[in-house]
Amino acid sequence: MRAGDLVKWHRVNNDDQDDIITESGLVISIEPTDVLSCGEPNPPRVLVLFEGGDLEWMSKTSLEVIHESR
């Protein structure tokens, strides 16, 4: 995953909701992996610009690349 990639995020608003909401966005920036105080690696976070104009820092593991930038 890198800046410029188009990504997809699947979510539900709460545990009682049956429908899965899918949002698409553009990767703007990726934070490098760091190490937590317990010594475990912290997954990189990705800054995503979503279709509605919201900018959100997301865990890289929660996103699916649907189109790679060149």
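The values are calculated or read from the model by the stated rules, or taken from the named source; none is laboratory data. Quick caveat: nothing in here was measured; it's all calculated off a predicted structure. Neighbour counts are summed over all protein chains in view; Cβ atoms, including those assigned to glycine, are modelled from backbone coordinates with ideal geometry. Note: areas computed on protein heavy atoms with side chains; ligands, DNA, RNA excluded. Shrake-Rupley method; radii C 1.70, N 1.55, O 1.52, S 1.80 Å.
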For this session: Look through GLU51, GLU56, GLU68, GLU64 and report the one residue that is in contact with a Phe, Trp or Tyr (Cβ under 7 Å, 6 or more places away or on another chain) and at pLDDT 85 or above.
Result: GLU56
Exercise. Among the residues of the stretch 25-46, which ones are open to solvent by less than 60 Å² (accessible area, probe 1.4 Å) and at pLDDT 95 or above?
Worked result: GLY25, VAL27
